[in-house]
Amino acid sequence: MFILPFPLIMTPTLLILLAHPDDETGCSGTMMTALAQGWRVILACATRGEEGEIADPKLATRENLWQVREAELRCACQILGIDEVVFLDYCDSGMDGSPSNDNPKSFMQAQPTIVHQQLVQLIRRTRPEAVITFEPYGIYGHPDHIAMSRFATTAFHLAGDSSFYPEGGSPWQARKLFYFVIPTPWFAKVRDQMKALGLDTSGFDSLAQFLRPSLDTQITHIIDVSTFVPQKMASLSCHQTQIGPDSGFYHLMKPEFLSLHGQEHYIQVYPNEFEPIFYTHP
Ligand SMILES: [Zn+2]
């Protein structure tokens, strides 16, 4: 019997580089699309989101929120069918201007070389076809999102450079890098719907200062994920500590908002020539 020493057809891998449990909601439909097409999907999360909300004191304390949120992310990933979840073990930096920004263990205070080595090692081990991370302004200006966008973009290229961190695995140049974007018209539609339902939009309005309409015109890929909206919402519901009655997530899960979850948006960063995110795996 002839045994192939190595699989001739490699399963393509999508690697998602994010910062907190629940960030994956913005691209969970894309992850499900990849899985449905035979891809392997790996999610790396820089922190365990311990500066986040505690919607109900019965769910967590400040001391154990990191553990609870790790479990919430694992619950979401199980629903989505994600193959592997990796934590980079940094602390949540909190929103811009909060005292936790100064925590030396926070992701925004991390030594760039160390993070680059971690991400390069991850890329070289998992050998992704495509990498997705945040756009450079971090969706709504969160320092950890901005940091991950910067670190991931640099690591994407360094992973293919044999002179960088040679002890971190064999060089691997992923073919495609995408930034995930939430377009400003989407925020406007959510706000209009909240107004129509008589809901308070003040918390939502405070995000407006961080939105970057200039990104809207740079969007290269719109993925139709409408068939996966039920799983998107089911995975989001794992993040119970973040779904208090005043939270955006709480409203976004209402039936009136479901039609707004059917598309996910990306900017292709690399290469220059247009590429689809996926090809169908044979
Ligand atoms: Zn986040």
Can you put 102, 22 in order of Cβ neighbours within 10 angstrom, beginning with the fewest?
102, 22
Taking a point 7 angstrom from the Cα of residue 188 along the C-beta vector, which residues in segment 213-231 have backbone N less than 16 Å away?
213-219
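In debye, nearest 20, what is the charge dipole magnitude of segment 13-270 about its Cα centre with +1 on Lys and Arg Cβ and -1 on Asp and Glu Cβ, if you could check?
On the way: 19 positive and 29 negative charges, 121 e Å.
Using only the charged Cβ atoms, the result is roughly 580 debye.
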Computed about the Cα centre, the charge dipole of segment 165-236 from +1 Lys/Arg and -1 Asp/Glu charges at the Cβ has a magnitude in debye, to the nearest 20, of 140
What number, in percent, do you get for the relative contact order of the chain if the mean sequence gap of Cα pairs under 8 Å and at least 6 apart is divided by its residue count?
23
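Taking the Cβ-Cβ separation of residue 220 and residue 36 as r and a Förster radius of 30 Å, what is the calculated FRET efficiency to the nearest 0.05? Don't skip to the answer; put the middle values down first.
On the way: r = 22 Å, r/R0 = 0.72.
The pair residue 220/residue 36 has a calculated efficiency of 0.90.
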Could you give each residue of segment 82-88 its phi-based ³J(HN,Hα) in whole Hz, using Karplus coefficients 6.51, -1.76, 1.60 with θ = phi - 60°, and x for Gly or Pro?
5, 6, 8, 10, 10, 9, 8
Distant-in-sequence amide H partners of residue 86 (H built 1.01 Å from N, under 5 Å):
43, 44, 45
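Once you sort the root eigenvalues of the Cα gyration tensor of segment 13-270 as a ≥ b ≥ c, which label holds: rounded (a/c under 1.5), prolate (a/b larger than b/c) or oblate (the other case)?
On the way: a/c = 1.57, a/b = 1.32, b/c = 1.19.
Prolate, since a/c reaches 1.5 and a/b exceeds b/c.
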With a 10 Å cut-off between alpha carbons and a GNM built on the chain, which of 62, 124, 74 moves the most?
62
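For 258, 73, what ranking results if the residue with the fewest other Cβ atoms within 10 Å of its Cβ goes first? Walk me through the numbers before you get to the answer.
Details: 258 15, 73 25.
By the 10 Å Cβ count, ascending, the order reads 258, 73.
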Listed by chain and number, the lysines with an alpha carbon less than 29 angstrom from that of residue 58, same-chain partners under 8 positions apart left out, are 105, 232, 254
Measuring from centroid to centroid over Cα atoms, what is the spacing of segment 243-282 and segment 55-115 in Å?
21
Between the Cα axis of helix 143-158 and the main Cα principal axis of the chain, the angle (0 to 90°, nearest 10) is 10
Going by how many other beta carbons lie within 10 Å of each one, how would you line up 277, 267, 16, fewest first?
267, 277, 16
Looking only at Cβ-Cβ distances, which cysteines of the chain have no other cysteine closer than 4.7 Å?
27, 45, 77, 91
In Å, what Rg and Dmax follow from the Cα atoms of segment 1-154?
16.7, 65
Leading residue at positive end of dipole, segment 139-282 (Cβ point charges), from 178, 160, 211:
211
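No lab work stands behind these numbers, since they all come straight from the coordinates. All figures in this text were calculated on a predicted structure; none of them were measured in a lab. Positions of Cβ are generated from backbone atoms using ideal geometry, with glycine treated the same way; all protein chains shown enter the neighbour counts.
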